[in-house]
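One structure is given here, and the rest of the page talks about it.
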Amino acid sequence: MPTIAPAPTTVAVLFGGRSSEHEISCVTAGGIMDVVDRSAYTVVPVGITKDGAFTLQSDDPAQWALRDGALPTVPDNGTRVAFPTSPATNELVVSHPDGTVATIAVDVVFPILHGPFGEDGTVQGLLEVAGLPYVGDGVLASALAMDKHTAKAVLEHAGLRVAPWTTVLRREWTADPDGVADTVAAHGWPLFVKPARAGSSMGVSRVDEPAQLAAAMDLAFEHDAKVIVEPRVVGREVEVAVLEGRDGVPRTSLPGEIVVAEDGFYDFASKYLGGDEALLCPAPLTDDETAAIRAIGARAFDAIGGAGLARVDCFLTEDGFVVNEVNTMPGFTPLSMYPRCWAASGVSYGELVTELIELGRTAVR
C-alpha cells in the first residue's frame, strides 16, 4: 500500500500588535515565514493592526522584510479573524470584506508579539481561554518578565545578582519631581531611565546630569505609568539564549556579546536599523565565564517559570555577572541576538523555528 504522508501542521503566526514594537514583530514574522519548513507546516499569518484589529495577511516573507531602513506594518485589509469561543473547536473564523465567512483549523499559534498586548501575558491568556496550543512562555512568566521591577525582585529572591534600581510611578513623579530626582541621584551618574513594561529599548534614555532627568522621565512615561531608574553598570553586555528542554531542563546557547561605542548604548535604532554596535557570537569569554552565564540563564529561566524560549541579558563586571533582564519573546529577526546565539551553537534559524513550534504544539500548561 502507498505511504500516506501526514498532513502538515497548521501554524497561526500572530504578529504586529498595538505596542510600539509593532514593526519589529512584522519583521520577525517575515523571517519566520521565510525559513519555516513548508513541507511540514502550513502558515496562517494573522496580523494585528496598530489599532488592534486581527486580520488575515499575506504569507509572502518579502512583504514583511526590512527594506532600506523602512519598517513594515500590518495594513487593515478589511478582513477580521476571531479566535475560538470554546476549547471544543480549534477553528479561527475569518470574515472577508465582501461578507463571506470562512474557518481555518489551526494546530498551534506562534505569537511573535513584542511588548505590551502580546509579550506581557495578555495574548497568552486569550490562547489559554480559547484552548489553543501556543509557542513560548505562559501567562505568568510573560507578565512577570515584562515588568522589570517584578522580574528583578523575583530574580533577586532566586539568588541571582541584579542591577540596583529605583521604581518610580507616574503619580509620584507628578507629585514630587524634586524628591524623586534626589532619590535617584543617590545612584550616581549616569543613569538609565526605562519604562518598566516595554522592550527593545523603547523610551530608554541615558541621563548624564540632573538637567536631563525630566526629559528622560517624560519620555519613559509616554510608554508606561511605571518607570525604572538604574545606575550605569560598568561591564560587558553579554546575553545567553535559553530554549526549553524536552526533558524540562533548560538548554542554553553559547553566549553573545554586544559591543557598543563608548559614548552610546544599545538603543532601538542600533538593534534593528543599524548603529554603532557589534554582535559577537560566540562572545570572547573564558570557559569558566561561559559556563557561569549559561548556568545563570538556566536559573533565570526556571525562576520565572519559563517555557519555550527566553533571552537572559547580563553585564559581566569585575565582580562577575549581573542579570539585567529576561526577555520572553526576544528579538527574533535574522539580525537578532537570539537566533545568532543558537546559530553559533549549531542550531540554524529554520531548526530553531521548528523546535519552538514543536515545543508549543506539545506543551502542557
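The values are calculated or read from the model by the stated rules, or taken from the named source; none is laboratory data. No experiment lies behind these values; they were computed from the predicted model shown. Every residue, glycine among them, receives a Cβ derived from its backbone with ideal geometry; neighbour counts consider all protein chains shown. For the accessible areas, the whole protein counts, side chains as well, though only heavy atoms, and no ligand, DNA or RNA atoms are used. Shrake-Rupley method; radii C 1.70, N 1.55, O 1.52, S 1.80 Å.
Observations on the model:
- For the chain, the longest principal axis of the C-alpha atoms and the axis of helix 148-157 are separated by about 80°.
- Full extension of the chain segment joining Asp176 with Ile104 gains 20.6 nm, where the gain is 0.36 nm per residue of separation less the Cα-Cα distance.
- At 0.692 mPa s and 37 °C, Stokes D of the chain from Kirkwood alpha-carbon radius, µm² per second: 155 µm²/s
- Calculated Rg and Dmax of the range 20-150 using C-alpha coordinates, Å: 15.0, 47
- Helix 22-35 vs. the chain, principal-axis angle (Cα, 0 to 90°, nearest 10): 50 degrees
- The chain: antiparallel DSSP beta bridges as a percent of all, rounded to 5: 75 percent
- Unsatisfied cross-links (Cα-Cα over 19 Å) in the set Lys152/Lys194; Lys50/Lys148; Lys194/Lys226: Lys50/Lys148
- Mean residue ellipticity at 222 nm, helices only, the chain: -8500 deg cm²/dmol; runs of at least 4 DSSP H residues each add -39,500 (n - 2.57), and the sum is divided by the number of residues.
- Between the helical axis of 349-361 and the longest alpha-carbon principal axis of the chain there is an angle of about 70 degrees.
- Applying the Karplus relation 6.51 cos²θ - 1.76 cosθ + 1.60 with θ = phi - 60° to the range 99-116 yields 3J(HN,Hα) values of x, 6, 10, 9, 10, 10, 7, 10, 9, 7, 10, 10, x, 9, 9, 10, x, x Hz, where x marks Gly and Pro.
- Accessible area expressed per residue, the chain, with surrounding protein chains retained (probe 1.4 Å, Å²): 42 Å²
- Accessible surface of the chain, 1.4 Å probe, proportion on carbon and sulfur as whole %: 53 percent
- The range 114-207 pair-distance distribution - Cα-Cα, 5 Å bins, rounded %: 2, 12, 17, 19, 18, 14, 9, 5, 3, 1
- Rg/Rg_ref, the range 309-365, where Rg_ref = 2.2 N^0.38 Å and atoms are Cα: 1.33
- For the range 300-365 and the range 179-241, distance of Cα centres in Å: 24 Å
- Taking amide H positions as modeled 1.01 Å from N, with prolines and chain starts lacking one, the residues under 5 Å from Val44 and 5 or more places away or on another chain are Val11, Ala12, Val13.
- Less than 5 angstrom separates the built amide H of Arg251 from those of Leu243, Glu244, Gly245, all sequence-distant by 5 or more or on a different chain.
- Site pair Ser348 and Asn77 shows an inter-label distance of 2.8 nm when each label is modelled 7 Å from Cα along Cα→Cβ.
- Projecting the Cα atoms of Val180, Gly203, Met217 onto the charge dipole of the range 174-222 (Cβ charges, centred on the Cα centre) puts Gly203 farthest toward the positive pole.
- Using R0 = 41 Å, the C-beta based FRET efficiency linking Asp60 and Ser86 works out to 0.80.
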